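The values are calculated or read from the model by the stated rules, or taken from the named source; none is laboratory data. This one's a predicted model, so the numbers in the text were calculated from it and none came from an experiment. Because the Cβ atoms are built from the backbone with ideal geometry, glycine has one as well, and the counts that use them run over all protein chains shown. In case anyone asks, the SASA skips ligands and DNA or RNA and just uses the protein heavy atoms, side chains included. Shrake-Rupley method; radii C 1.70, N 1.55, O 1.52, S 1.80 Å.
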Amino acid sequence: MSKSILITGGAGFIGSHVVRWFVKKYPEYSIYNLDALTYAGNLENLKDVDTAANYSFLKADICDAVEMDRLFKLYKFDAVIHLAAESHVDRSIKDPLSFAKTNILGTLNLLESFKKYSDYQSGLFYHISTDEVYGTLGEKGLFTESTSYDPNSPYSASKASSDHFVRAYGETYGMPFVISNCSNNYGSFQFPEKLIPLFINNIVNSKPLPVYGDGNYTRDWLFVEDHANAIDVVFHQGKIGETYNIGGHNEWKNIDLIKLLCSKMDTYLDRPKGESEKLITFVKDRPGHDLRYAIDASKISKELNWQPSLKFEEGLDRTIEWYLNNQEWLESVTSGAYKNYYNKQYS
Ligand code: NAD
Ligand code: TYD
C-alpha cells in the first residue's frame, strides 16, 4: 500500500526519531518531513535517512496558513503525524504567546488544510501530545486517559488546547484522529535545554547543575525510540477517536535521577567518585512547577500490545554515550542564540 504521510516537526528531538523509524521501516510510504527549523530543529539529526528514496524535507512554518494550504493542495497527504511545537516549559513561562501561536494556531492551520485539500475522511490526523495536559499528581495516583485536563504551564495549556481542537475536528467534521499523551522522553538528539542533556553537557564542562527548588519533583521517563515505536503502533492500530497514554513505568525524583547521572558521568569521564555531584546547585524554583507526572499505560499495553523495551539504566547509558561521542553536534546546536537564552535563564 502506498501512502503519503506528513510528519511535522521531524527535525526536532522526537520527530527525527519518528521520521527515521518510518522511513526505514516503511519503504512503501512517502514520508514528508515539514519543519520550520527553529532553534530546536536541526537537519543534522536526520543525516542517516536524508537521501532515502521515500523521504522529502519541506521547510515551512505551520503558522503560515497560506503555505500550509499550498503544500496540502500540492501533496494531498493521506495522513498527518503532528509533532511540530514549541516544547520547553521554561521558554513558555517567558514567552507564552509564541506557544499559543505555534501549538494552537499552527495545529489549527494543519487541521484546516487537511480538511480542505485531502481526502481526509479516509485519512488520519495523529496528534502527538504530552501528559502535562493533565496537570500535576500528588504523591500517589496515575494519569489515565479519562483524567481531566488541568494544565498549569503555558506550554501544557497550549498543548491541551490543541488536543481539544483535534477532538473538535473529529466531532464536528468527522475527521478521523488519534491522540497520544506521552511522559518525558530522553535519548539522542535532544536539545540541551532539557534536564538530561543539559546536565550531561554541564558535567562534561564542569559547570553548575541548576536543580530547581529542592529537586523533589517526579517525572516518568521513556526512551525516545520506545516512543517512536509506540507512535508506529498507535498510527497503525489505534482506534479512531481514541486517546492513548504512553509512559515508561519509570518514575524518578529529579534529585535521585541527577545523582545517578552524576555517578555514571564520574565513571565515563574517569573522574573521582563524587566529583560530578559537587556541581549540584539548588536554584530558584520554576513557577507553577508540577510536582509529579506518572502514567498508567495499561490501555496501550492491553489493547495494542505495546511495552517499553529498555530498562532506564540501559537507556541512560546509551544516551550518555551518544552525547559523549557527539560533542560536535552539541556545539553546532548550541548557537549564539542558545547561549543568550542560557545566560538569561540561569543568571
Ligand atoms: P523539539 O522542541 O525538540 O522539536 C520541535 C520541532 O518542531 C523542531 O524541529 C522545530 O523546528 C519544529 N517547529 C517548531 N515550531 C514550528 C513551526 N512553527 N512550524 C514548523 N515546525 C516547527 O520537541 P520534541 O521534544 O521533539 O517534542 C515533539 C512533540 O512531542 C511536541 O509536540 C511535544 O509537545 C511532544 N512531546 C514531547 C515530550 C518530550 O519529553 N520531549 C513528551 C511528550 C510529548
Ligand atoms: P524538563 O526536561 O524541562 O521537562 P518538563 O518540564 O517538561 O518535565 O524538566 C524535567 C524536570 O527537571 C522538571 O521537574 C524541571 C527540572 N529541571 C531542573 O531542575 N533544572 C533544569 O535546569 C531543568 C531544565 C529542569
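Some observations on this one:
- Qualifying positions in the range 289-308 - out of contact with any Gly (no Cβ under 9 Å at 6 or more places or on another chain) and either assigned to a loop (DSSP other than H, G, I, E, B) or farther than 17 Å from Glu145 by Cβ (or both): Asn305, Trp306, Gln307
- For the range 211-247, the candidate set comprises residues that are small (Gly, Ala, Ser) and either within 14 Å of the chain's Cα centre (by Cα) or within 13 Å of ligand 2 (Cβ to nearest atom) (or both); within that set, the residue that is surrounded by the fewest Cβ atoms within 10 Å (Cβ to Cβ) is Gly213.
- Listed by first and then second residue, the pairs with beta-carbon distance under 8 Å, at least 6 apart or on different chains, first residue in the range 256-271 and more than 13 Å from Glu313 (Cβ to Cβ), second crowded, with 18+ Cβ neighbours inside 10 Å and of a type outside the set (A, V, I, L, M, F, W, C), are Cys262/Ser276; Met265/Ser276; Asp266/Ser276; Leu269/Ser276.
- Taken as a whole, the condition of being touching a residue at least 12 places away in the same chain (Cβ under 8 Å), more than 18 Å from the chain's Cα centre (by Cα), open to solvent by 40 Å² or more (accessible area, probe 1.4 Å) and over 18 Å from Asp232 (Cβ atoms) applies to Ala65.
- Residue within the range 32-53 that is part of a helix (DSSP H, G or I), open to solvent by 10 Å² or more (accessible area, probe 1.4 Å), of a type in the set (Asp, Glu) and within 26 Å of Leu222 (Cβ to Cβ) present: yes
- Evaluation of Ser56 against the conditions (1) at pLDDT 95 or above; (2) part of a helix (DSSP H, G or I); (3) more than 8 Å from ligand 1 (Cβ to nearest atom); (4) open to solvent by 30 Å² or more (accessible area, probe 1.4 Å) shows that the sole unmet condition is (2).
- Test for Ser56: is it within 16 Å of ligand 2 (Cβ to nearest atom) and hydroxyl-bearing (Ser, Thr, Tyr): no
- Tallying residues that are of a type outside the set (Ser, Thr, Tyr), within 16 Å of ligand 1 (Cβ to nearest atom) and more than 23 Å from Leu260 (Cβ to Cβ) within the range 304-347 yields 5.
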